[in-house]
Structures are given as C-alpha cells and as structure tokens.
Amino acid sequence: MARDTEHGSEEHGSGGARERYLVVVLAHFATDRVRRELARRERLERRERTERGGFGAAPSAPRSARASAIVLTARSGSTPTVAHRCARAAAAGVVAGSSLAQARGLLFGAPLHTQEHDPAGDLAALERLARAARRYSPRVAAFPPDALALEIKGSERLFGGEQALLEDALRWFARLAFDARAAVASTLGCAFAVARFAVDPGRGPERRGLRVREGRERDALERLPVAALRLPEDVLEGLFELGLATCGDVLRLPASRCRRDSGTSCSSASTRRSARGRRRSRACRTPSCRGANASSRDPSTTARCAGSSCANCWANSRRSLEERELGATKVVIELWPSDGPPTELARTTSRAGRDPAHLWSLVATEIERAPVGFGVEKLAVRAEGLERLLPRQLGASGADGAGPSEHDREYWALVDALRARLGERAAFACDAREDFRPECAFVPRRPELPPSGARVARRERPTRLHREPIAVDVEERDGRPVAFTLRGVRTELERTIGLERIVAPWWPGAPRPARALEGPERTYVRALDADGRWLWLCRRSAPDGEARASWFVHGEWC
C-alpha cells in the first residue's frame with residue numbers, strides 16, 4: 001500500500017539522531033465519520049430485524065448507506081451550502097461552498113445522504129483517533145480538521161522499519177473506513193506537504209503512502225504547489241503575483257528578493273525549514289485532560305510484575321490527589337512493551353474516588369490479559385476526570401473519604417464491576433412509573449444516577465419480561481387458552497390463573513407500547529405449561545383491519 005518516493009530508499013531505519021515524522025491526512029474525515037455512524041445504525045437495525053424475524057415480523061428493506069453519497073451542509077444565510085462532501089460527490093463535481101441544490105443536481109439519480117456539519121463532533125473524534133493511534137508511537141498530535149502527526153523515531157523498529165510501519169498504519173485506517181494518505185519525512189512541513197499534495201490515490205492503493213529519505217526533502221518538495229507550505233492566504237497571493245507556482249521556485253528565490261518585492265520572506269524561510277530541516281520541530285503529544293500522572297521505567301517481564309508496578313504508580317498518584325482533595329472518575333494505564341506497539345487500558349467509574357482496592361479491581365483482569373510480549377520497558381498511570389471530594393468527619397466509614405453511605409458505595413462498586421466485565425453500555429438502571437402496561441412501567445436511566453424514589457402500586461408481574469413479545473398460536477376453550485404452538489412445537493397448558501384486562505390510554509402524550517402489542521385493549525393470563533414453567537400470555541384484541549386477535553408470550557416467572 002505504500003512505497004518510497006523516487007528520492008527514498010528501502011532501508012529500515014533512517015539513521016542519525018534526528019526525528020522522523022509520520023503525517024496522516026484524512027481527506028474526507030467528516031464524511032467518513034458520518035458513513036461509519038450510518039453503517040453502525042444499519043447493523044443495529046439489521047440485528048433488531050433478525051431478532052424480530054424469528055417471531056413472525058416481516059423484514060424491511062435494507063438501507064444501502066455504504067453506497068450513498070454524503071454531503072454535509074452549513075448555513076449561509078437562509079440557503080444551506082456544502083461544507084464537506086465525500087469522494088463520490090467530489091468526483092461528480094460537487095465543491096465546497098456550492099449550494100445544496102447544485103449538489104443534488106450533480107448527484108441526480110444517486111442515493112444521497114445530507115445532514116448538518118458538526119465541527120465539534122469532528123474535533124472530538126479526531127482527538128479520540130489520535131489517542132488510538134498511539135499504538136504506533138507514544139508521541140501523537142491531532143492537527144484539526146483532518147490530520148494526525150506521529151513522531152516515529154525509535155518505534156519503527158517494533159514494526160520492522162519505517163516502510164512496514166507506514167503500510168501497517170494505512171491498513172489500520174482502511175479497516176476503520178477512513179480514506180487516509182500518509183507520508184514519512186524528517187520534518188513536519190515536508191511530511192504534511194507530501195501527504196496532502198504528492199500522494200495520488202487515483203493511481204491505486206500503492207500511492208497512498210510515500211516515504212522521503214532523510215536529506216532529500218528538498219527534492220520531494222521541488223514540484224509541489226506553493227499551497228503545500230500551509231501559509232496564510234495573503235502570503236500565497238503574493239507568491240502567485242510574483243509568478244511562483246511551486247515550492248522549488250520559492251527555494252531558488254533569495255530571501256532578500258522576496259522581502260523586497262512582496263514582503264513574504266517568511267515563505268522562503270518556512271520552505272527551507274521544511275526542505276532542509278535545519279530547525280527541529282517541537283515534539284508533538286496528544287492533549288490530555290488535567291489529572292495526576294505517575295510513570296515507572298523499571299522493566300517488567302510478566303503481567304504480574306507490570307501490575308505491581310502499576311499499583312506503585314497509583315499509590316504516587318493517590319498521594320497527589322489527596323493533597324489536592326480530588327478524586328478521579330477515569331483511570332488510564334499505558335504499557336510500552338519491548339517488542340510491540342504501546343497499549344492503553346482505560347476504565348471509567350460511576351463516581352469520583354481514589355480507593356486503590358476498588359480501582360485496582362476494575363483493571364487487574366485487563367492487565368493480566370495485556371500483550372506484554374518479552375517484557376514492558378515503561379508504564380504510566382494517569383488519573384483523569386478529576387472532581388473535588390468533600391472531606392468526611394473523623395471516624396466515618398470509607399477508605400477514600402467520600403460517599404454518602406456504605407450502601408451507596410456498594411451500589412456504585414457493583415455498577416463499576418458490571419461495566420468492567422460486560423461493557424460500558426451493558427449496565428443500566430430503571431425508575432418505576434405508574435402505568436398498567438408492563439413494558440411502559442419503567443424508565444431506563446444511567447446506573448450511577450440516584451433513583452427517583454417514585455412510589456407506584458405493586459402488581460403481580462413476571463420476573464422476566466421479553467423485550468419483544470413472542471407470537472404464538474393458541475388453542476382456546478371457553479375463552480381460556482388450553483395449548484399453544486411455538487415454532488412448530490405444540491405445548492399443553494396444565495393450568496391458567498387470573499385475568500387482567502388493560503385498555504390503551506386515551507390521553508395525549510402517553511408512552512408508546514411495544515410495537516407488537518399496539519391495539520385498543522389486551523388481556524393477560526398466567527399459564528402453567530407441561531414443563532412446569534409459568535408463562536404470561538397476552539391476548540391482543542384485533543385492531544382495525546385485522547380479522548382475529550393475536551396471542552403472545554410477554555414474560556415468565558423464573
């Protein structure tokens with residue numbers, strides 16, 4: 001996917017002690033991010049259709065989000081204009097700044113997705129991508145709106161050389177569905193110019209990454225346009241007025257001539273720095289939020305040794321937090337193996353704290369599974385999301401000095417443990433709501449928030465409620481079910497108890513029920529099958545346009 005330029009070489013290292021930079025330009029980052037979100041929604045909808053399909057639901061037509069053109073708009077007065085467009089829209093002639101009506105005309109007949117541009121979302125996504133790119137180097141910086149810069153001097157040996165690192169990075173961005181172009185050079189300016197203007201994706205994937213040999217930056221910049229210098233607009237206009245079209249023209253022009261003719265001496269100096277690298281570029285790092293950091297350079301040969309070093313680092317961070325009366329809501333552990341890319345482990349807690357036993361229980365399993373290889377050369381522990389902890393009275397229970405009660409601390413510890421094992425979105429809590437319909441009798445909420453304390457009437461309800469009611473064929477006798485058939489299997493009912501009828505609410509703004517149970521009224525019966533299971537059968541009355549009522553299994557008692 002990548003190769004050296006005509007000025008490069010096939011050697012693994014760059015030699016010397018100067019920095020080497022990898023710059024990745026995401027040409028269509030804003031639209032690629034939207035396309036990823038559309039693909040995620042399509043996967044979720046396909047999963048829901050699959051779950052409903054087994055119970056008789058008719059599958060809907062899939063949405064071809066991957067094949068559609070994407071245009072992001074911005075408001076210019078009362079007319080929406082094009083802010084960003086995908087590669088397909090750009091190939092059709094859509095340009096930034098044109099009206100949305102012109103874009104629709106150029107893409108007539110093609111599936112088109114339009115939405116308003118979200119610059120804040122793009123910036124946050126680019127910073128998250130920069131943190132994830134630390135798998136290639138611990139020194140990464142995000143350059144909004146669509147570029148990343150990595151200092152790879154020293155880390156290229158972990159991948160078999162600069163060329164192998166460049167190719168692996170391009171494959172990684174391709175797996176993430178980003179249109180990436182990359183270049184490696186000894187200066188940031190040269191790497192930016194080559195990645196944005198010398199890479200030609202139209203000539204195949206092998207031209208998406210270029211590598212400039214150290215000392216040949218001037219040859220690489222010779223034929224690039226002056227826009228590659230990242231200069232202000234007024235300076236570029238002055239260069240065009242002088243008839244300077246390429247960076248080579250600027251390099252051959254004396255600085256005194258530029259200053260005398262148009263006052264653009266800064267362009268010549270910046271071009272020479274990008275071409276010759278006389279001045280080292282400042283090391284770049286990803287911005288991190290305010291927190292307490294601690295690191296250790298003691299080598300660790302096993303995951304258990306790495307865990308002990310992390311515990312010592314957290315002890316240092318905890319002392320810093322205690323002095324400032326702060327607690328952390330996020331703990332990040334960074335490991336630098338000797339034979340692989342760096343690894344980052346992060347865990348978020350429900351509330352701010354600094355109890356080492358609780359925080360260590362969340363990350364201990366992840367550290368044991370971390371790929372340490374032949375050992376860890378360096379590790380760091382960082383506390384983020386700091387909040388002020390109120391001091392407690394002497395003699396009060398609690399090791400971290402915060403928390404209203406022992407019960408609340410145990411509840412929050414349970415929530416953190418479930419999230420650590422099952423995922424951030426797997427654990428949630430519910431608040432009760434006064435509603436006779438069982439699927440509308442609760443409201444999901446974030447588990448770390450306190451309960452609402454609403455009092456509702458207690459009713460006989462099953463311990464397990466199905467997310468989507470299961471459609472069954474029921475045989476009735478004297479108005480009561482005696483057997484039902486599910487997926488071709490007939491099951492006799494030994495006993496039926498109770499009869500509860502629920503009428504649909506008539507007032508506006510009432511919560512919507514489950515899609516399968518929409519209707520004027522429904523009747524619930526508690527039934528015992530031949531296997532000893534107590535099922536909650538629901539008979540939905542026939543809505544307008546249906547000939548007969550439908551039966552469902554809505555829940556069961558465990």
Return yes when G154 is at positive phi and open to solvent by less than 20 Å² (accessible area, probe 1.4 Å) and no when it is not.
no
Part of a helix (DSSP H, G or I), at pLDDT 90 or above and open to solvent by less than 10 Å² (accessible area, probe 1.4 Å): does that describe L165?
yes
Would you check if F143 is closer than 28 Å to R85 by Cβ and open to solvent by less than 10 Å² (accessible area, probe 1.4 Å)?
no
When only residues in segment 168-193 that are in a helix (DSSP H, G or I) and aromatic (F, W, Y) count, which is nearest to A39 (Cα to Cα)?
F173
Taking R522 as meeting all but one of (1) open to solvent by 40 Å² or more (accessible area, probe 1.4 Å); (2) without any contact (Cβ under 8 Å) to a residue 24 or more places away in the chain, write down the number of the exception.
(1)
Does V474 count as among the hydrophobic types (A, V, I, L, M, F, W, C) and either touching a Pro at 6+ places or on another chain (Cβ under 7 Å) or exposed (fewer than 12 other Cβ atoms within 10 Å of the Cβ) (or both)?
yes
E156 being modelled with pLDDT under 90, under 23 Å from the mean Cα position of the chain (by Cα) and not β-branched (V, I, T):
no
Here are some residues: E45, E37, E10, E19. Which one is at pLDDT 75 or above and in a loop (DSSP other than H, G, I, E, B)?
E19
Do we find a residue being more than 26 Å from the chain's Cα centre (by Cα) and within 20 Å of L26 (Cα to Cα) anywhere in segment 168-186?
yes
Over 35 Å from the mean Cα position of the chain (by Cα), modelled with pLDDT under 80, open to solvent by 40 Å² or more (accessible area, probe 1.4 Å) and aliphatic (A, V, I, L, M): does that describe A245?
yes
Residue check: is A124 within 24 Å of E42 (Cα to Cα), among the aliphatic types (A, V, I, L, M) and out of contact with any helix residue (DSSP H, G or I) (no Cβ under 8 Å at 6 or more places or on another chain)?
yes
Condition (residue is out of contact with any helix residue (DSSP H, G or I) (no Cβ under 7 Å at 6 or more places or on another chain) and surrounded by fewer than 18 Cβ atoms within 10 Å (Cβ to Cβ)) applied to segment 179-201: is it met by at least one residue?
no
Meets criteria (closer than 28 Å to R20 by Cα, assigned to a loop (DSSP other than H, G, I, E, B) and open to solvent by 40 Å² or more (accessible area, probe 1.4 Å)) for R218
no
Pairs under 9 Å by beta carbon, first residue closer than 14 Å to S68 by Cα in segment 82-103, partner open to solvent by 40 Å² or more (accessible area, probe 1.4 Å) and part of a helix (DSSP H, G or I), six or more apart or different chains?
C86/R35; A89/L106; A92/L106
Say we look at segment 487-510 and pick out the residues that are touching a strand residue (DSSP E or B) at 6+ places or on another chain (Cβ under 7 Å) and surrounded by 14 or more Cβ atoms within 10 Å (Cβ to Cβ); which of these is nearest to P438 (Cα to Cα)?
I502
Selection count where residues are of a type outside the set (A, V, I, L, M, F, W, C), within 19 Å of A27 (Cα to Cα) and open to solvent by 30 Å² or more (accessible area, probe 1.4 Å), scope segment 82-114:
7
Complete set of residues in segment 322-340 that are under 25 Å from the mean Cα position of the chain (by Cα) and surrounded by 19 or more Cβ atoms within 10 Å (Cβ to Cβ)
A328, V331, V332, I333, E334, L335, W336, P337
Based on what the data block shows, is V250 of a type outside the set (S, T, N, Q), in contact with a helix residue (DSSP H, G or I) (Cβ under 7 Å, 6 or more places away or on another chain), at pLDDT 65 or above and not in a helix (DSSP H, G or I)?
no
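The values are calculated or read from the model by the stated rules, or taken from the named source; none is laboratory data. None of these values were measured; they are calculated from a predicted model. FYI the Cβ positions are ideal-geometry reconstructions off the backbone, even for glycines, and counts take in every protein chain you see. With ligands, DNA and RNA removed, areas are computed over all heavy atoms of the protein, side chains included. Shrake-Rupley method; radii C 1.70, N 1.55, O 1.52, S 1.80 Å.
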